[in-house]
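*Asks:* I'd like to ask you about the structure that follows.
The values are calculated or read from the model by the stated rules, or taken from the named source; none is laboratory data. It should be emphasised that the depicted structure is a prediction, and the values quoted were computed from it without experimental measurement. Methodologically, a virtual Cβ is constructed for each residue, glycine included, from the backbone with ideal geometry; neighbour enumeration extends over all protein chains shown.
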């Protein structure tokens with residue numbers, strides 16, 4: 001089954017497995033390490049028929065090998081999908097139930113497209129019909145919400 005927890009676990013396993021090489025690459029050049037990280041995330045994503053990316057909005061964060069895969073992840077399932085298969089209100093309600101105190105906003109609403117931005121104390125989650133971007137630390141609550149999103153939004157039609 002394609003759940004976020006399964007994908008995330010596989011990503012973390014592969015990042016840990018390749019950690020010694022990543023650390024050596026990082027000593028040589030952060031760009032070399034970034035390319036290696038992209039190869040690993042592409043490999044894991046391909047196993048689930050998704051595009052999986054690790055983001056480093058703060059470039060110095062690439063030196064924090066322990067944080068790889070624990071924050072700032074982008075997942076693209078279908079870049080052409082414009083609308084959600086369920087109501088945005090249901091997604092907002094589930095986010096509140098799972099993540100606690102949040103601010104759920106409609107976002108990226110143009111050219112017939114839908115989107116949501118979930119703002120938490122510790123970051124945000126940007127949800128589009130074909131992709132999701134986690135600009136936050138991935139804890140159990142985020143995993144549970146993401147598992148629900150994968151089941152109800154992203155892999156519902158696949």
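*Asks:* Hey, residue 145 hits all of (1) surrounded by fewer than 18 Cβ atoms within 10 Å (Cβ to Cβ); (2) at pLDDT 95 or above; (3) within 15 Å of the chain's Cα centre (by Cα) but one; which does it fall short on?
*Replies:* (1)
*Asks:* Just to verify a result, which residue in region 48-61, among those that are outside any loop (DSSP other than H, G, I, E, B) and modelled with pLDDT of 95 or more, is nearest to residue 139 (Cα to Cα)? Show your work before the answer.
*Replies:* First, the residues of region 48-61 that are outside any loop (DSSP other than H, G, I, E, B): 51-54, 59-61.
Now narrow it down to the ones that are modelled with pLDDT of 95 or more: 51-54.
Numbers: 51: 21, 52: 18, 53: 18, 54: 16 Å.
Per the criteria, the residue is 54.
*Asks:* Would you mention how many residues in region 62-91 are in a helix (DSSP H, G or I) and under 22 Å from residue 141 (Cα atoms)? So that I can check it myself, show each step before the final result.
*Replies:* Initial filter on region 62-91 (in a helix (DSSP H, G or I)): 62-63, 65-67, 88-91.
If we keep only those that are under 22 Å from residue 141 (Cα atoms) as well, we get 66-67, 88-91.
Adding up the residues that qualify gives 6.
*Asks:* Answer yes if at least one residue in region 85-100 is under 27 Å from residue 38 (Cβ atoms) and surrounded by 12 or more Cβ atoms within 10 Å (Cβ to Cβ), and no otherwise.
*Replies:* Narrowing region 85-100 to residues under 27 Å from residue 38 (Cβ atoms): none.
No, every residue in region 85-100 fails to be under 27 Å from residue 38 (Cβ atoms) and surrounded by 12 or more Cβ atoms within 10 Å (Cβ to Cβ).
*Asks:* For region 92-108, state whether one or more residues are under 30 Å from residue 20 (Cβ atoms), in contact with a helix residue (DSSP H, G or I) (Cβ under 9 Å, 6 or more places away or on another chain) and either in the same structural domain as residue 29 (by TED's automatic domain parsing) or not in a strand (DSSP E or B) (or both). Outline the logic, then answer.
*Replies:* Applying the first criterion (under 30 Å from residue 20 (Cβ atoms)) to region 92-108 yields none.
So far as region 92-108 goes, no, none of its residues is under 30 Å from residue 20 (Cβ atoms), in contact with a helix residue (DSSP H, G or I) (Cβ under 9 Å, 6 or more places away or on another chain) and either in the same structural domain as residue 29 (by TED's automatic domain parsing) or not in a strand (DSSP E or B) (or both).
*Asks:* Another question about this same structure. Name every residue in region 121-158 that is under 15 Å from residue 8 (Cβ atoms) and without any contact (Cβ under 8 Å) to a residue 24 or more places away in the chain, in order of residue number. So that I can check it myself, show each step before the final result.
*Replies:* Within region 121-158, the first condition is being under 15 Å from residue 8 (Cβ atoms), and the residues that meet it are 125, 132-134, 136-151, 154-155.
Correct list: 139, 140.
*Asks:* I would also like to ask the following. Of all the residues that make up region 49-77, how many are surrounded by 20 or more Cβ atoms within 10 Å (Cβ to Cβ) and either farther than 18 Å from residue 146 by Cβ or touching a helix residue (DSSP H, G or I) at 6+ places or on another chain (Cβ under 7 Å) (or both)?
*Replies:* 5
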